[in-house]
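J.: Starting off with a structure, shown below.
The values are calculated or read from the model by the stated rules, or taken from the named source; none is laboratory data. In this text, all values refer to a predicted model and were calculated from it rather than measured experimentally. For neighbour counting, all protein chains shown are included, and Cβ atoms are generated from backbone atoms with ideal geometry for every residue, glycine included. Accessible surface areas use protein heavy atoms only, side chains included; no ligands, DNA or RNA. Shrake-Rupley method; radii C 1.70, N 1.55, O 1.52, S 1.80 Å.
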Amino acid sequence: MKGFETYKTLEELDNESKYLVHKAKEAAHHAYAPYSKFYVGAALILEDGTLVTGSNQENASYPLCMCAERVALYAAASQFHGKAILKMAVVAHKKNHKELSAAASCGACRQVMAEFEERQRKPIEVIMHHTDNQWIKCPSASSLLPFVFTKASLNEPG
Ligand code: THU
């Protein structure tokens, strides 16, 4: 796929990406996931170097569960308003699994990432750990969501 880079090991990634993956792993330890037992961590870096992390937070009322990515994105917007997000890493692991699980962000998170990207007019690079132990560097959130629904769609005539 055009613009997507894949890496067989974490060591092959650039230092900043490795750092973000490391922080995402730490964040996953703060997940509250008693229902799915799927622990997700996200870490993002802002244009001034600030790090923001998030983890998934579940609820007995299942639809209220919130993904790690959106926890991190909304925290960044509320605490560091106006600062662009440059890159985000997402990792996940299952209970009692030492190895990381594949963590391809869900469609809802991709939609939210895409709107952040549109707002800041700068791409957000996304690092994900995918199946077959592959690391994927995605050039932008919009690359993860072709034909995205945006604000503009709401304003189109007819
Ligand atoms: N989850 C995330 O945190 N990010 C995603 O992109 C996919 C799913 C969480 C939500 C829920 O707490 C658990 O993983 C199982 O779906």
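J.: Counting only helical runs of four or more DSSP H residues, what would the 222 nm mean residue ellipticity of the chain come to if each run contributes -39,500 (n - 2.57) and the total is spread over all its residues? Show your work: numbers first, answer last.
T.: Values: 4 runs with 45 residues, N = 158.
Roughly -8500 deg cm²/dmol at 222 nm, from the helical runs in the chain.
J.: Please sort by residue number the chymotrypsin sites (Phe, Trp or Tyr not before Pro) in region 99-158 whose DSSP state is loop and whose Cβ has at most 16 other Cβ atoms within 10 Å.
T.: Values: sites: 116, 135, 147, 149; in loops: 147, 149.
When the chymotrypsin sites (Phe, Trp or Tyr not before Pro) of region 99-158 are filtered for loop state and at most 16 Cβ neighbours within 10 Å, 147, 149 remain.
J.: If you filter region 76-158 for GluC sites (Glu not before Pro), then keep DSSP loop positions with at most 14 other Cβ within 10 Å, what is left?
T.: Numbers: sites: 99, 115, 117, 118, 125; in loops: 99.
Listed in order of number, the matching sites are 99.
J.: What's the local net charge at residue 45, with K and R +1, D and E -1, over the other residues with C-beta under 13 Å away? Could you put the intermediate results ahead of the total?
T.: Values: positive: 18, 23, 83, 87, 122; negative: 14, 16, 47, 48, 125.
Surrounding charge for residue 45 is 0.
J.: Which residue, 59, 114, 28, has the largest displacement toward the positive end of the dipole of the chain when charges sit on each Cβ (Lys, Arg +1; Asp, Glu -1)?
T.: 59
J.: Determine the gain in length on full extension of the stretch residue 37-residue 118; use 0.36 nm per residue of separation and subtract their C-alpha separation, reporting nm with one decimal.
T.: Numbers: separation 81, 0.36 × 81 = 29.16 nm, distance 3.29 nm.
Between residue 37 and residue 118, full extension yields 25.9 nm more.
J.: Kindly provide the trypsin sites (Lys or Arg not before Pro) of region 48-157 that DSSP labels as loop, not H, G, I, E or B, and whose Cβ sees at most 15 other Cβ atoms within 10 Å.
T.: Working: sites: 70, 83, 87, 94, 95, 98, 110, 119, 121, 137, 151; in loops: 83, 95, 98, 121.
Here the sparse-neighbourhood loop sites are 95, 98, 121.
J.: For region 1-78, which whole percent of the accessible surface, found with a 1.4 angstrom probe, sits on carbon and sulfur atoms?
T.: Values: 2360 of 4270 Å².
Answer for region 1-78: carbon and sulfur cover 55 percent of the accessible area.
J.: Another one. What list of ³J(HN,Hα) couplings, whole Hz, do you get for region 133-148 from phi and the Karplus terms 6.51, -1.76, 1.60, once you set θ to phi - 60° and write x for glycine and proline?
T.: Whole-Hz 3J(HN,Hα) from phi for region 133-148: 6, 8, 9, 10, 9, 9, x, 6, 5, 5, 5, 8, 8, x, 6, 4.
J.: In terms of the ratio Rg/(2.2 N^0.38 Å) built on C-alpha atoms, what value belongs to the chain?
T.: Working: Rg = 15.4 Å, N = 158, 2.2 N^0.38 = 15.1 Å.
So the Cα radius of gyration is 1.02 times the expected 2.2 N^0.38 Å.
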